[in-house]
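Engineer: For reference, the structure I am asking about is given below.
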Amino acid sequence: MMHTPQSNRKNEHLSLATKFWREGSNPQVGATFDDIRWIPGPLQDISLDEVQPSVQLLSHDFDWPFYIEAMTGGSESTKRVNGDLASTAAVTNIAMAVGSQSVALKDPNQADSFEVVRKNNPNGFLIANLGADHPIENVRAAVNMIDANAIELHTNVGQELTMAEGDRSFYWLDNLATIIAKSPVPVIIKEVGFGMGPDLLKQLDALHPAAINIGGGNGTSFAQIEQARDRKNENPLDLSSFGLSTVESLLAAEKAGIETPIIATGGIQSAKDVTTALMLGASAVSSAGHFLDTLMRDGRAGLQSEIELWQQQLPLYMTLLGAKKPNDLREAKRLYSADLKNSMQQF
Ligand SMILES: Cc1cc2nc3c(=O)[nH]c(=O)nc-3n(C[C@H](O)[C@H](O)[C@H](O)COP(=O)(O)O)c2cc1C
């Protein structure tokens, strides 16, 4: 496989994202999962046997309400990572998204770094990924490339503007409407770490996608990653004041009465975070950086153990909170920190 500027970028994203997770240096903005505590509820007639963590979403029944979020593909080393993620998704029976396939549409030599996920996970639920500017033909091609069951379209204005080589014009809304109408598979509209406020959420809700992934802060930060890549200091944007955390975006969606199912990504590191996100109204939860860091540190077996740990813990947390189904968690009483309560009043 050739080294193109795009495949070098994919390698740098991977190594920098892993480095920042390992150092624990992802910038933290606004409310975190620790700003929410679970209030003990009344005694419930419930047993662990009755708890069903499965969810219906994207016209599919998922055994688990969490999955591996979009990260990579587009180079030789990212092909290995995609292959490992896909094999682990297959054995743990969770869904998985690939990183943006745009690179493989431009250079078909890179397609095998995405195709490997279907090869390693022939029966799993796989999610394609492209930017929101791609025409419907590209959506069809990306879906075909991995025989995808759904597609994510990322709306990453913040990330593009921090990249020296990134886009500078964003006429996306009509295109998103067209894709939602014509896509062969359910469409998820997704942020990549800056979160979503009420106005954006309402605008996207009106398009009726299959789901909205609020992609909030406090996990992987593309502002941090692109700043580290910008060695010549060509594009020194300071985005530390821009964006909402995952928790804040979820509360914004709840307050705005968004009807489209919400997926929560951004800084999810444990089954406890998954539980809190479901409590705040998420229909499903996904994690990128933490799973990647675990894979790089502990290999495929380590990632498998981590996912299995979540699969053991989540039903126990649901039992603790009297929730037989993930949606029941929305009824669980919670305590918000003073800072978070203050932010909520401003949505
Ligand atoms: C190495 C890396 C590459 C990523 N590439 C993409 C991408 O191509 N498309 C996309 O929609 N999101 C991409 N993301 C964003 C993630 O899907 C996710 O929204 C974000 O990392 C926040 O989740 P986290 O805090 O669990 O990492 C990438 C994340 C990482 C870590």
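Engineer: Taking a probe of 1.4 Å, how large is the accessible area per residue of the range 41-345, in Å²? Mind dumping the intermediate values first?
Structural biologist: On the way: 12620 Å² over 305 residues.
That works out to 41 Å² per residue.
Engineer: Based on alpha-carbon centroids, what's the gap between the range 113-162 and the range 190-266 in Å, whole number please?
Structural biologist: After rounding, the separation between the Cα centres reads 19 Å.
Engineer: So what is the relative contact order of the chain, in percent, for Cα pairs below 8 Å that sit 6 or more residues apart? List each step's numbers first, then the result.
Structural biologist: Working: 702 pairs, mean separation 77.1, N = 347.
Relative CO of the chain lands at 22 percent.
Engineer: Continuing with this model, one more query. Excluding the sites themselves, what is the longest stretch of the chain that contains no trypsin sites (Lys or Arg not before Pro) in a DSSP loop with at most 13 other C-beta atoms within 10 Å?
Structural biologist: That would be 1-167.
Engineer: Show me the chymotrypsin sites (Phe, Trp or Tyr not before Pro) within the range 144-200 that DSSP assigns to loop and that have at most 10 other Cβ atoms within 10 Å of their Cβ.
Structural biologist: Answer in residue order: TYR171.
Engineer: What whole-number value in cubic angstrom gives the convex hull volume per residue for the C-alpha atoms of the chain?
Structural biologist: Output value, Cα hull per residue: 125 Å³.
Engineer: For the peptides 276-287, 81-92, 49-60, what is the packing order when you average, over each peptide's residues, the other Cβ atoms within 10 Å and list the highest mean first?
Structural biologist: The packing order, highest mean first, is 276-287, 81-92, 49-60.
Engineer: Now, a different point. Sort the range 30-136 into rounded, prolate or oblate with this rule: let a ≥ b ≥ c be the square roots of the eigenvalues of the Cα gyration tensor; rounded if a/c is under 1.5, and if a/c is not under 1.5, prolate when a/b is larger than b/c, oblate otherwise. Mind dumping the intermediate values first?
Structural biologist: Working: a/c = 2.59, a/b = 1.96, b/c = 1.32.
It is prolate, given that a/c is not under 1.5 and a/b is the larger ratio.
Engineer: Further question: Could you tell me what percent of the accessible area of the range 41-345 is made up of carbon and sulfur, with a 1.4 Å probe and every protein chain present?
Structural biologist: 48
Engineer: What translational diffusion coefficient, to the nearest whole µm²/s, does the range 232-307 have by Stokes-Einstein, given a Kirkwood radius computed over alpha-carbon pairs, a temperature of 4 °C and 1.567 mPa s viscosity?
Structural biologist: 90
The values are calculated or read from the model by the stated rules, or taken from the named source; none is laboratory data. Keep in mind it's a predicted model, so treat the numbers as computed, not measured. In this analysis, Cβ positions are derived from the backbone assuming ideal geometry, glycine residues included, and neighbour counts consider all displayed protein chains. Note: areas computed on protein heavy atoms with side chains; ligands, DNA, RNA excluded. Shrake-Rupley method; radii C 1.70, N 1.55, O 1.52, S 1.80 Å.
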